[in-house]
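Following: one structure in structure tokens, then a few remarks.
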Amino acid sequence: MKQPIGTPAGVLWTPEQPIISVVDVRKSFGAFEVLKGVSLDVKKGEAICIIGPSGSGKSTLIRCINALVEIDSGSILVENQEVNDERLDKLKLRRKVGMVFQQYNLFPHKTALQNVMMAPINVLKQDKKEVEERARKLLAKVRLTGKENNYPGELSGGQQQRVAIARSLAMRPDIMLFDEVTAALDPETVKEVLVTIRELAEEGMTCLLVTHEMKFARDVADHIYFTDKGVIVEHAPPAEFFENAKDERTKTFLGQIL
Amino acid sequence: MSDAMLDREHPAHRPFAVLLPPRERRPLELPRLNTRHVVFFVAVALVVAGSAVAQAPDAPPAAATEALIAAPATPLSVIIKWAPFLLKGFIFNIVISIAAMALGTFFGVLLGLGQISLKGWIRKSSWFVTQFFRNAPWLVLLFFAMFMIPFQFTVFGVTIPLPDWFKAIIGFALPVMANVSELLRGAIRSLPSGQWDAAESLAFPRGKTIRQIILPQCVKRMLPPWMNLYSLITMATVLASIVGVGEMLTLTAQVHAAEGGRAELFAPLYGFAGLCFFAYCWPISKLTQRLERRYNVKT
Amino acid sequence: MEALAEWGRALYEATGINLTILYDQFDQSRFISGIWMTIYLSIISLFFSVIIGVVGAWAQGSPIKAVRWAINGFIVLFRNTPPLVQIFFFYFGISNLLPYVEDADGMRAPLFTNIQWAIISLSLFAGAFNIEIFRSGIEAVPKSTLEAAEALGYTRLGAYRHIVLPLAIRVCLPALNNNLVNLLKTTSLAYAIAVPELLYASKQIWTDAQNVPTMMVVLLLTYVALVGVLVWAMNAWERSMAVPGYGQGRGR
């Protein structure tokens, strides 16, 4: 195991250190190299947006952070825990890192409430009563009171996505990953999901978002990373990023999208 | 049937064909040869070779008995010796299956059309007959046909005998009829209702709509499950031996008795019977799967 | 009970329809035990065939090539040979190759009885179909759903237990129902190895009482009723498992 520069692995994490530290991560699918040495740091309570053209490796990068995708080389530290390690306790990692997907991926055979309660009960073996109380609060928080007993098939895309957010929060994670969570939604329902995420970020949840919503990124993000073809082209606070991007690729991309 | 299918593919008969991207018609490609095929062909070759060897005139019975006493025949030599005899029985099974399928399909289509009849009583009775024969075990239906159909009947003073094998064909045709009826109903229901509307708006009478527009489209959907049904009925023909119609399993039992009724011959003899059916039904089921995939229909 | 017997006798005298199972104690008990035997064969074979299906579907995903081959060979072989030949092959062929045991009276007896052989061959026959049914059900669960479970910290086994299997069962229920109805119908083949099930009992009755047409109709109606009960039960199960917005409009 290569010792990463910066934070030493295994040492007890303190809030002053980056909560996520990605150092020189490389990943190939077959002959195609998706990540060509990516590094980034996230501090506790920050909201980070990763933007960039499709196929630039954004989704792969955040999937690596909770070990859904194994990396080829480099280092990912989450609260000083090395993710790229066979001895990694995946359960421990995934308690800390919640994830929301583009396609919601709710469990269709369970109601909204059951979807939120399932993992804490089955995986964390927590008390059912306590979990239910928490789940109801979380559903209220994402403004879904009254929909507890509906099945995913009966909810709109935006409602399903908010259930998915509540489901992740039920594990009481320290970090939330959002993988293009509004990309599959109808334009009318995008807003309700973004509002929920924004509230989370404002409450101090560490959020890492892959998104195409530029206005949202500008309003909410503390820092923006721009990726293209497997590398981070540049990163800056939103105001600086949107006003005077330095790299030609970023300018072209923003020119197309804004 | 094939004309109708070709017609439908012709742009002139598909008013919206010009709007659709041209559909690629892949020829049904031959399967790639793999080890399983080789094993299969070797098995078939063995069966054929075995029957060829056994075509040689049989030794006189006395000599055979002597040989039996001197050295009991090995299972393989027994099978080689009797293969032509058994295969003749197998051909009889095939004949029964084809006849039952033809008969059952004909009446099944009528019954299936009865199920979509506009007259309530026809629809209800067709539905009842279909469900009744679909839910009865095939062996019981065979008994039904053997016992309930008279061995001869007289029309206008002419006595027509009904041999057992003919009754067996009717017995197998009954479940085929019920299943085809249900397949047809399912296929018709799965057609978009726009087809009926379009035909009606073109002033097609109902009979013509069914014959010229609905049925040709159903053929394609019904073909894979229909072939599946054929394979099932072929395998069911051995039931005829239970009700005393001499087919392959009857002959197998006879061969076993003729060879002295030795217990260790059971497995090879019934194994051979199984192999014959396998060699016939497996290619059918492979073809069915390919058609299913090609037409993208679920059975 | 007595009234029923009385009615049966009256019916016979008035119309000639001879329902011996109504007034003849012996025929009645034969017929009823035949029904029970058919139900017994069905339930036990159903149980084992589902086990074979689940284990087979799981083994089909094995990384060992030989295991996958063996399972596929088993499926292809049992689906494409007549079930009656399978029963004969086991009951006559295999039974004779197995060692004999001594029964309670010290007599030499085969290892399995005809009823047990019927159960074995019926389970294998229906199991071969169940494997494919279950496998297609598992394949129908999207990979992304499994991924979501993984992201929530489920282990592979936990995800199978709580998410994949409950979903797969719902997808394959219609096909499974069909196969189980078929299994019930196929139990009549046990007649050929003298298992005293419904058909066997009925044949004994009509041979003794010479009431073939009557008994034939009774037999057919009994089977249709049994199948009807099974179909009704399975449909009720299917409905109770139904989830709003999931799996509707699938199939035909």
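Structure summary
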quantity: Which numbered condition A:ASN84 fails, given (1) under 20 Å from the mean Cα position of the chain (by Cα); (2) within 10 Å of another protein chain (Cβ to nearest Cβ); (3) not in a helix (DSSP H, G or I); calculated: (2)
quantity: Residues within segment C:90-124 that are without any contact (Cβ under 8 Å) to a residue 24 or more places away in the chain and either touching a strand residue (DSSP E or B) at 6+ places or on another chain (Cβ under 7 Å) or open to solvent by 10 Å² or more (accessible area, probe 1.4 Å) (or both), tallied; calculated: 22
quantity: Residue within segment C:183-193 that is more than 7 Å from every other protein chain (Cβ to nearest Cβ), within 27 Å of C:TRP232 (Cα to Cα) and in contact with a Gly (Cβ under 6 Å, 6 or more places away or on another chain) present; calculated: no
quantity: Residues (open to solvent by less than 40 Å² (accessible area, probe 1.4 Å) and either more than 17 Å from B:GLY186 (Cβ to Cβ) or in contact (Cβ under 8 Å) with a residue 24 or more places away in the chain (or both)) located in segment B:115-131; calculated: B:GLN115, B:ILE116, B:GLY120, B:SER126, B:THR130, B:GLN131
quantity: Unique residue being open to solvent by less than 40 Å² (accessible area, probe 1.4 Å), more than 9 Å from chain C (Cβ to nearest Cβ) and touching a Pro at 6+ places or on another chain (Cβ under 6 Å) when the list is A:VAL142, A:VAL116, A:VAL131; calculated: A:VAL131
quantity: Residue ranges of helices (runs of 4 or more DSSP H) in segment B:171-259 with at least 2 members of a type in the set (Val, Ile, Thr); calculated: B:215-236, B:248-258
quantity: Verdict on C:ILE120 being closer than 30 Å to C:VAL195 by Cβ and part of a helix (DSSP H, G or I); calculated: yes
quantity: Any hit, segment B:189-208, residues being without any contact (Cβ under 8 Å) to a residue 60 or more places away in the chain, of a type in the set (Ser, Thr, Tyr) and closer than 16 Å to B:ILE116 by Cα; calculated: yes
quantity: Matching option when the condition is surrounded by fewer than 23 Cβ atoms within 10 Å (Cβ to Cβ), within 14 Å of chain C (Cβ to nearest Cβ) and under 15 Å from the mean Cα position of the chain (by Cα), among A:ALA166, A:ALA183; calculated: A:ALA183
quantity: Positions within segment B:225-256 being more than 13 Å from every other protein chain (Cβ to nearest Cβ), under 22 Å from B:LEU103 (Cβ atoms) and not hydrophobic (A, V, I, L, M, F, W, C), in sequence order; calculated: B:GLY246
quantity: Residue in segment C:79-95 that is within 16 Å of C:LYS185 (Cα to Cα) and more than 14 Å from every other protein chain (Cβ to nearest Cβ) present; calculated: no
quantity: Positions within segment A:145-156 being open to solvent by 40 Å² or more (accessible area, probe 1.4 Å) and either in contact (Cβ under 8 Å) with a residue 60 or more places away in the chain or more than 10 Å from chain C (Cβ to nearest Cβ) (or both), in sequence order; calculated: A:THR145, A:GLY146, A:LYS147, A:ASN149, A:SER156
quantity: Contacts under 9 angstrom Cβ, first residue in segment A:160-179 being at positive phi, partner assigned to a strand (DSSP E or B), 6 or more apart; calculated: A:ARG172/A:GLY98
quantity: Selection status of B:ILE169, within 12 Å of another protein chain (Cβ to nearest Cβ), open to solvent by less than 70 Å² (accessible area, probe 1.4 Å) and of a type in the set (Val, Ile, Thr); calculated: no
quantity: Residue match in segment A:88-109 (condition: part of a helix (DSSP H, G or I), open to solvent by less than 20 Å² (accessible area, probe 1.4 Å) and more than 14 Å from chain C (Cβ to nearest Cβ)); calculated: no
quantity: Output for segment A:119-128, where each listed residue is within 10 Å of chain C (Cβ to nearest Cβ) and out of contact with any Phe, Trp or Tyr (no Cβ under 9 Å at 6 or more places or on another chain); calculated: A:PRO120, A:ILE121, A:LEU124
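The values are calculated or read from the model by the stated rules, or taken from the named source; none is laboratory data. Quantities reported herein were computed from a predicted structural model and do not represent experimental measurements. When we count neighbours, we look across all protein chains shown, and the Cβ atoms used for this are built from the backbone with ideal geometry, even at glycine. Keep in mind that these areas ignore ligands, DNA and RNA; they rest on the heavy atoms of the full protein, side chains included. Shrake-Rupley method; radii C 1.70, N 1.55, O 1.52, S 1.80 Å.
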